[in-house]
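Taken together, the values in this text are just the output of simple stated rules run on the coordinates, not laboratory data. Note that the structure is predicted; figures quoted are calculated from it, not measured. No Cβ is skipped: glycine too gets one built from the backbone with ideal geometry, and neighbour counts run over all protein chains shown.
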Amino acid sequence: MTAHDFSYDFIGEILFSQEEIERRVQQLGNTITHDYRGSEKLLLLGLLRGSVMFITDLMRKVQLPLTMDFMSVSSYAGAESSGFIRIDSDHKTNIAGWDVILIDDIVDTGYTIATIRKLLLDRKPRSLKVCALLDKVERRKVDIPIDYCGFQMPDYFVVGYGLDIDEKGRNLPYIASVDLDKYHKIYG
C-alpha cells in the first residue's frame, strides 16, 4: 500500500485532485512572483496547522527571496467554527516594513482571517495580502478580501492537503468532502 492507496471511511467525494492542486499552486506562485518583483522583504505567514502543506508547496513556486513564519490559531471544534479566535503561538518576525502574505488553508466565516488581519495591520507591515487555498464564499459572515485564492468551493466540510477533522485526514494528497453522518457513526 502506498500513501495514495488509502482513504478514511468517512470520505465523501474528492473535490480537488492532487494534480488540480499542484497546477493551482503553481499558478499562485507565478502570480505572487510577478506581483512582488522588487520586494526586498517578502514574508509568507502561515496559519498553523492547516496551511502547512499549502505554504510549503507555494513557497517552492515563488521565485523570489522570501521568509516564512507561522502563527498558531484555533477556531474550530470538530466540524464547526467556534467563532472565537485564540492565538496559541504568535509569529517571530517583526513585520514592520515587510510585504506580508497571510496564508490560510480555508476561509469559511471569515472571522479568523479578519481578526488576524487586523492584528497584523496594527504591526505596520509595508503591505498585507491574504492567500487562501479554499474559499467557502456562501458561509462568509465577515467581508474579507482574498487577494490570492486557490479554489472557491461549496459548503462542505473538507479534509486533505493539510485540512482535518479532529486531526484526521490531513495527510491525504487531495481535498475531499467529509460524510459527517459516517464520521459521527465511527467517531461519535
Give me the count of lysine pairs in the range 17-155 whose alpha carbons sit under 20 angstrom apart, restricted to pairs 8 or more positions apart or on different chains. 11
Per-residue ellipticity at 222 nm for the chain, helices alone: DSSP H runs ≥ 4 residues times -39500 (n - 2.57), over residue total, nearest 500 deg cm²/dmol? -7500 deg cm²/dmol
Can you return the aspartates and glutamates within cross-link range of Lys182? Criterion is Cα-Cα under 19 Å, with same-chain partners fewer than 8 residues away left out. Asp9, Glu13, Glu80, Asp155, Asp164, Asp166, Glu167
Label point distance in nm, Leu180-Asp69, each placed 7 Å from Cα along Cα→Cβ: 3.6
Provide, for q = 0.14, 0.16 Å⁻¹, the log10 of I(q)/I(0) from a solvent-free Debye sum over equal Cα point scatterers in the chain. -0.77, -1.00
Show me, for the range 140-156, the HN-Hα J-couplings you get by feeding each phi into the Karplus relation (A = 6.51, B = -1.76, C = 1.60, θ = phi - 60°), rounded to Hz, glycine and proline as x. 4, 10, 10, 6, 9, x, 10, 6, 10, 10, x, 9, 8, 9, x, 7, 10
Using amide H atoms built in the peptide plane, which far-off residues or other-chain residues are under 5 Å from Gly150 H to H? Ala132, Leu133, Leu134
